[in-house]
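The values are calculated or read from the model by the stated rules, or taken from the named source; none is laboratory data. Predicted model only: the values in this text are computed from it and were never measured. Note that each Cβ is placed from the backbone with ideal geometry, even for glycine, and that neighbours are counted across all protein chains shown. These accessible areas exclude ligands, DNA and RNA; they are computed on the full protein's heavy atoms, side chains included. Shrake-Rupley method; radii C 1.70, N 1.55, O 1.52, S 1.80 Å.
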Amino acid sequence: MITGTRTISLEIDGRPVTVPEGTTLYDAARQLDVEIPVLCHDPRMRPVGVCRMCVVDVGERVLAAACVRKAADGMSVITRSDKIERCRKTLTELLLSDYPEGSAREQKSADDLLLQLARDYGIEGRAPSLPRGNGRPQDDSSPVIAVDHSACILCDRCIRGCDEIQHNDVIGRTGKGYGSRISFDLDNPMGESTCVACGECAAVCPTGALTVKPITVPIEADRPLETVDSVCPYCGVGCAITYHVDREKNAVARAEGRDSPASESRLCVKGRFGFDYAKHPQRLTTPLIRRDDYYPKGPLSSDVKGERRKKPGGLVDYDEVMPAFREATWEEALDLAASRLKAIRDEFGPSTLAGFGSAKCSNEEAYLFQKLVRAVFGTNNIDHCTRLCHASSVAALLETIGSGAVTNVFSDVRNADVAIVTGSNTTENHPVAATFIKDAASKGTTLIVIDSRETGIARHAHHFLQIEPGSDVALYNAMMHVMIEEDLIKHDYIARYTEGFEELKGLVARYTPEVAAKICGVSADKIAEVARIFGKANAAIIYWGMGISQHTHGTDNARCLISLALLSGNIGRPGTGLHPLRGQNNVQGASDAGLIPMVYPDYQNVASEEARQKFEEAWGVPLDPNPGLTVVEIIGGALDGSIKGMYMMGENPFLSDPNVNKVRKALASLEFLCVQDIFLTETAEFADVILPATSFFEKTGTYTNSDRRVQVGQVTLEAPGEARLDWEIVCEIATRMGYPMSYDSASAIFEEFTSLAPSYSGLDYDNLKPTGKLWPCPDPETSDGVQLLFGDGFPTSSGRGKFVPVDYQPAAELPDDEYPFVLNTGRMLEHWHTGTMTRRAKALHAIEPEAVCQMNPQDLQAMGLEPGTLVTLTTRRGTITLKVRSAPSVARGNVFMPFHFREASANILTNDVLDPHGKIPEYKFCAVKVEKA
Amino acid sequence: MSDGLHPAVVSAQPSQRDEKNPDAPLFEGEYQDRLEKILSRYPFKRAALLPVLNMAQQVRGWISPDTIKRVAEILELSPAYVRSVASFYTMFQLRPAGKYLIQVCTGIGCDLCGAEDVVEGLLKATGTRIGETSADGKYTVVEVECLAGCGFPTMVQINDRMYENVKAEDVEGLLKELD
C-alpha cells in the first residue's frame, strides 16, 4: 500500500528509479519494465510473499521477496543473478516434484504459470530424487469450476481472490504441512459450499488447481480461439468481458473479465458462465406466421394456459406451440406486420398502436424503435421494462434534481465514510457492484443496510435495519427528523442549493423515531443511531434497488432518499451521491434513447413545443404532442380495446408484468401483435407474426451501464439461420409503412442519436473503445467522462434541488385473516428476469433448476412444512404451486419468490396497482395465503 | 511398567475432559462470562480465536461444524477461516472423540524411540484405526506432532494428562489405569 507522499530513490539492476514511499520492489521494478517472476502474487491483491519466486538480492545475507519488500532510499536491487536464478530454479523444481502429469490449465488455456517457469528454467520432467504425487483429491462437485487439489501449490491467490476481491469468504486452508490444501467453508466439496460460482478463484489461480469447466464447447489449448472484447449481456453493472470464441463451432468457449473502470476484471456467475443461451436449440431462425385455424388467439402452452404442464422442466415445450405457426419468408412476414399495423393506424388512429422496447436492446435499437413508434406509428405509446423497475426512482429524480441518472459511479463507495444500501439485494442482483461495497465496508466505510430481508449485503453491514416491508418512508422521515433535531444537517448547502426545506422540516417534525419505530419494527434508538452516523459523515453515498421503487409509494421512497442526500449535502463530491442500481444491461441507455412515453431521447419532454419541433425537424414528420401510455396502462388499453395493435421488441410482458391473468386476456384480445425476439416467449404465443432477432452476441451496439458508462458490445457470434439484426427489422417495418428508413451500420444510428441527445454529444464508436465513457463527456479525446454530477447546482428550472416531503402510506393490499402473509418478489443470483436467457444457460440452470419460494424457518415449523415440500401460494389474483425453501433471511410473516419461472409465475400473484407518479406496479408487496400443496 | 509412566502434567484449563457433552450449549452461563473475559483481553475479536476455540472444545469435546459456524459468527470471521485455523492445530479435534482421546507423539524424537510401536500397540488394544473411536465409545487414538517432552520419548497425552517414556509394552497397563 502506498502510505505517504514522500518519494524513495533506489537502483534496480543498476538503473535509478524514484517511487512513492511504501512501494514494493516488485512494483518499482515494473515501473522500469523489469519483469520479476511470481506465482503467488497478483498486482490486484495484497502481497503475501509465500511462493518466494520473486526473490531479489538487496545486498543482505538472504534474498528478499520483491512482492512484499518495500523500496528504501539508496537500496541497490539485483533482480537477476546466478544465485537468484538458482534459487528460483530450485523452487520450481520442488513445486514440480509432486505436480500432476496433466495440468488442467495447461490443457485448457496453455497458461499454467508453474509450467511456464519450468520451461523458462529448462526443467524437463521432475527431479528423480524427489517423491512423487501428493495424492490429494479432485473435486468435481461444482458445475462450473474444476478443482484439482493435487495441482495446488498453496499460493493463496484463490483465497485472496475470494476474500479480498469478491468478498465471498468461502475458501480457506485445511490441515498443515504436507497434508494442507485449500478448502471450501467447513472443508465441504465446492459444489456443496456457499460458493456463488463467480469464478474469481479460477481466474486468479496460476496452476491447474482451479479451472473453469467447459460449458457447451470444449476448452482445449490446441483448439484456436479468437478473442472478442465486449461487455456482459446481463445486469446494469456492465462488466467488461473478453469472450474466447471457437469460430469453427460458432460458440463462446469461455468468458474472461476484462479490465475497465466499471468492473476491474471481476465477473459473477452469469457473466462468466451464462453465455451459452445464444446457442440454445430453441432459438428462432425463421419468421413465423400464425395459422388461420389458431384464431381466435389464445395461449398455446400448458404453462401459459395456466394448466398443469405435460413435461417437466422450466422451458416452453415447442411441440405445444409450434403447430400454431407456419414458417414464412422475411418478405411475407414483414409485409404482413407492416400492412396490419398500417391498417390499424389508418382505420382507428395512431393512438391505438403501441410498442414495447426492451432494456436488453442496445441504444441504437432503442433509439430506432422509439423513432418507429413516434414518427411512423404516430403515437407516444412507447415504453419498456424500466417502467417496471426504476420508473418511480426516475420520476422522483427528475422532479427533485432534474436528472434521472446516477450522480456518481458505484465504485466511488471507496471514498465514502458511510454508505446506505436499501431495497437492494446487491450481492445477487448486482454482484460485481456489491464487491466494491463489500470491499469498502471492510476498509473503513460504515455500511448501513436497510431491507425487509437479511440479504447477502446485510451480512457485511455494520448496521442492519430489518424493517417491515413498505415502511421505508416512515424510517427515512424519522432519520431526517433526528438529523434536523440534532442539527446534523448542512445549512450552507441547503441554503445555496436547495428549496422546500421548511416544508420538509414541518412534515418530518411529526416523525419522531418513536413514531417510526412502531411502523418499521426497528427500535427508536437504532433509527436515531443510524441517523447520527449518516448525518455526521463527511461523505455518504446512497444505493437503492427495486425494494425502494416497486411500491405504490415507490416515488415517495425515492423522494425521501433524495431529501436525505440534499439535507446532508451529499451530492457532487467524491464518496457521495445517489445511485439507483440499474437492473438490465441497458436500462439507463434505453431510457436515454427515449423508450419512454413522456420524453424523447435524452429526456426532452414530448409536451414541450420546442422539443417537439426539434424532433419533427430531425425526423421530418409531425409528432403527437400528447404523452403516451405506460406499460401497465397499455396492457389495460389492450384489455378495453383502446389499444389494438402492438409491436414488441425483446419484451416478455406475459411473465414480467403484474397480474398475469389480466395480461393473458389483454394479449389475446389484441387485434394484431408482432413479437420480435430470440426465443418463442410466453408473450409470443399470442403473436400474429414472430420475427427472429439476433441475440446480444450477434450484434454490435452500445450499452449504457448503471454508472452512465456507454460501452460497445461487439459481434461475437454469427446469427443462426435467417435471424436478422433488430435495427434492420425496424427499418424494414418503417419503410414498408411508408417511412423510408435505412442505415449503413449501428454506428450510423448512434451518430444520429447522439446528434439529438446532448448528454451523449461527442461520443462515437472510436472514442468509446476499449472501456467506454461516462456521459456527459465534454472532452472524449482526453477524459473518461464526468463522474460526479451536480457539484454546483441542478438542472432544474430554479437550479436548485427540491425537497419533496411525503407522508408514510401503507401498501395497497395489506395482509388479513384470509391472506396472512406478505409476498415479496425479486430475483436470484443465477437467473435473469423472465428466465428466457438464463434458463437456457446450461450452468446457470444446473445450479438453480426449479421454481422456489423462501420462508422463515419458524413459519415453516409453525405450519408443519418441511423445506423442499410443495406449497400453493394464493392471492386475490391467482394461485401457483412451487417448492418452499427455508431462509432465515426472510422475516416471519413474509414469503419471497423470484419471478423467473414460467411454471410458477410470481406475477400470477402480484398486484397490478400502480404508483401514481412512476406508474410502477407494487411487485414488492401483496397479501398471500400459503398452503401445503 | 517402566519408569516415568505417570501423569506428568495436567493442564490447568483442560481442553479434553473425560466427560464429553457434544450437545452442550455454547457460550452460555459461566461460559458467556468467560467468553467476555477472553474478548476483553484482545484489541480485536479475531485475536481471540484460539482461546475461544479451546473453550468450545472444552464444553463440547470437539470442534463440530456447528461450533465453527457459531464461533465465526461471534468473532465476525468466515467459517472457512475459523476452520482453517482449527485444522492447523492437532489439539483441536475436528471429529468427535471417545471418552479417552489418546494422542501419541510421532515427531522425530519419539519416532526414533519406538513411537510407531506404541501407536500399533494402542490400536491393537483398542481395536481401532487412527482417528476412529472404539465401538464402546471409549478410545480414540491419534498421532500428533510434538507434545513438548522430547527428552522423554515416547510422549503420550490422554485427555489432559501427559505420560512420559511410554513403551509398547506399557500400553496394556496404561489403558487399565484409565478405568
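Residue by residue, here is whether (1) open to solvent by less than 20 Å² (accessible area, probe 1.4 Å); (2) among the hydrophobic types (A, V, I, L, M, F, W, C) holds:
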residue	(1), (2)
A:Asp817	no, no
A:Ala841	yes, yes
A:Glu850	no, no
A:Glu903	no, no
A:Val913	no, yes
A:His917	no, no
A:Ile920	yes, yes
A:Tyr923	yes, no
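Comparison of A:Thr216, A:Thr211 shows that the only residue that is outside any helix (DSSP H, G or I), open to solvent by 10 Å² or more (accessible area, probe 1.4 Å) and more than 9 Å from chain B (Cβ to nearest Cβ) is A:Thr216.
In region A:16-37, the residues that are in contact (Cβ under 8 Å) with a residue 60 or more places away in the chain never reach a residue that is of a type in the set (Gly, Ala, Ser) and part of a strand (DSSP E or B) with C-beta atoms less than 6 angstrom apart, at least six apart or across chains. Could you please let me know if A:Thr836 is in a loop (DSSP other than H, G, I, E, B), within 30 Å of A:Asn652 (Cβ to Cβ) and within 21 Å of the chain's Cα centre (by Cα)? Against the criterion (in a loop (DSSP other than H, G, I, E, B), within 30 Å of A:Asn652 (Cβ to Cβ) and within 21 Å of the chain's Cα centre (by Cα)), A:Thr836 qualifies. Being free of Cβ contacts under 8 Å to residues at least 40 places away in the same chain and open to solvent by less than 10 Å² (accessible area, probe 1.4 Å) is not true of A:Leu873.
Return a yes/no flag: does region A:364-386 have any residue that is under 30 Å from A:Ala458 (Cα atoms), touching a helix residue (DSSP H, G or I) at 6+ places or on another chain (Cβ under 9 Å) and assigned to a helix (DSSP H, G or I). Step through it out loud before you land on a result.
The first filter runs over region A:364-386 and keeps only residues under 30 Å from A:Ala458 (Cα atoms), leaving A:385-386.
Imposing the further condition that a residue be touching a helix residue (DSSP H, G or I) at 6+ places or on another chain (Cβ under 9 Å) reduces the set to A:385-386.
Then keep just the ones that are assigned to a helix (DSSP H, G or I); that gives A:385-386.
Yes: region A:364-386 contains one or more residues that are under 30 Å from A:Ala458 (Cα atoms), touching a helix residue (DSSP H, G or I) at 6+ places or on another chain (Cβ under 9 Å) and assigned to a helix (DSSP H, G or I).
Among the residues of region B:36-68, just one is closer than 19 Å to B:Pro25 by Cβ, of a type in the set (D, E, K, R) and within 13 Å of chain A (Cβ to nearest Cβ), namely B:Asp66.
If you go through region B:75-107 one residue at a time, how many are within 13 Å of another protein chain (Cβ to nearest Cβ), assigned to a loop (DSSP other than H, G, I, E, B), charged (D, E, K, R) and under 17 Å from the mean Cα position of the chain (by Cα)? Of the residues in region B:75-107, 1 are within 13 Å of another protein chain (Cβ to nearest Cβ), assigned to a loop (DSSP other than H, G, I, E, B), charged (D, E, K, R) and under 17 Å from the mean Cα position of the chain (by Cα). Within 14 Å of chain A (Cβ to nearest Cβ) and in contact (Cβ under 8 Å) with a residue 12 or more places away in the chain - does that describe any residue in region B:108-118? For region B:108-118, residues within 14 Å of chain A (Cβ to nearest Cβ) and in contact (Cβ under 8 Å) with a residue 12 or more places away in the chain: absent.
Considering only residues that are open to solvent by less than 20 Å² (accessible area, probe 1.4 Å), more than 20 Å from B:Lys20 (Cα to Cα) and not hydrophobic (A, V, I, L, M, F, W, C), which ones fall in region B:44-77? Please lay out each step first, then the result.
Pass one, region B:44-77, residues open to solvent by less than 20 Å² (accessible area, probe 1.4 Å): B:48-49, B:52-53, B:55-59, B:61, B:63-64, B:67-68, B:71-72, B:75.
So of that shortlist, the ones also more than 20 Å from B:Lys20 (Cα to Cα) come out as B:48-49, B:72, B:75.
Those that are open to solvent by less than 20 Å² (accessible area, probe 1.4 Å), more than 20 Å from B:Lys20 (Cα to Cα) and not hydrophobic (A, V, I, L, M, F, W, C): none in region B:44-77.
Test A:Ser193 against the stated conditions and say whether it is within 14 Å of chain B (Cβ to nearest Cβ) and of a type in the set (S, T, N, Q). Considered against the rule, which asks whether it is within 14 Å of chain B (Cβ to nearest Cβ) and of a type in the set (S, T, N, Q), A:Ser193 comes out as yes.
A:Asp293 meets all of the listed conditions (1) surrounded by 21 or more Cβ atoms within 10 Å (Cβ to Cβ); (2) part of a helix (DSSP H, G or I) but one, namely (1).
Which of the helices (runs of 4 or more DSSP H) found entirely inside region A:579-656 contain at least 3 residues meeting this: over 26 Å from A:Glu428 (Cβ atoms)?
Numbers: elements: A:587-592, A:609-619, A:631-640, A:653-656.
Hits in region A:579-656: A:609-619, A:631-640.
Which ones in region A:760-787 are open to solvent by less than 50 Å² (accessible area, probe 1.4 Å), touching a Pro at 6+ places or on another chain (Cβ under 9 Å) and in a loop (DSSP other than H, G, I, E, B)?
So the first thing to find is which residues in region A:760-787 are open to solvent by less than 50 Å² (accessible area, probe 1.4 Å), and the list is A:760, A:762-763, A:765, A:767-768, A:771-777, A:780, A:783, A:785-786.
Narrowing further to those that are touching a Pro at 6+ places or on another chain (Cβ under 9 Å): A:760, A:762-763, A:767-768, A:771-774, A:776, A:785-786.
A:Gly762, A:Leu763, A:Thr771, A:Gly772, A:Pro776, A:Gly785, A:Val786, listed by residue number.
Filtering region A:493-548 to residues that are of a type in the set (D, E, K, R) and more than 33 Å from the chain's Cα centre (by Cα) leaves A:Arg496, A:Glu499, A:Glu502, A:Glu503, A:Lys505, A:Arg510, A:Glu514, A:Lys518, A:Asp525.
Per-residue answers, yes or no, for (1) touching a strand residue (DSSP E or B) at 6+ places or on another chain (Cβ under 6 Å); (2) assigned to a helix (DSSP H, G or I); (3) of a type in the set (A, V, I, L, M):
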site	(1), (2), (3)
A:Ala719	no, no, yes
A:Trp727	no, yes, no
A:Tyr739	no, no, no
A:Tyr743	no, no, no
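Against the condition open to solvent by 20 Å² or more (accessible area, probe 1.4 Å) and in contact with a strand residue (DSSP E or B) (Cβ under 9 Å, 6 or more places away or on another chain), how does A:Lys526 come out, does it pass? Taking the combined requirement at face value, the residue satisfies it.
Within region A:460-508, can you find the residues that are in a loop (DSSP other than H, G, I, E, B) and open to solvent by 60 Å² or more (accessible area, probe 1.4 Å)? Explain how you work it out, then say what you get.
In the first step, residues of region A:460-508 are kept if they are in a loop (DSSP other than H, G, I, E, B); the result is A:461-462, A:467-471, A:486-490, A:500.
Those that are in a loop (DSSP other than H, G, I, E, B) and open to solvent by 60 Å² or more (accessible area, probe 1.4 Å): A:His462, A:Glu468, A:Glu486, A:Asp487, A:Lys490.
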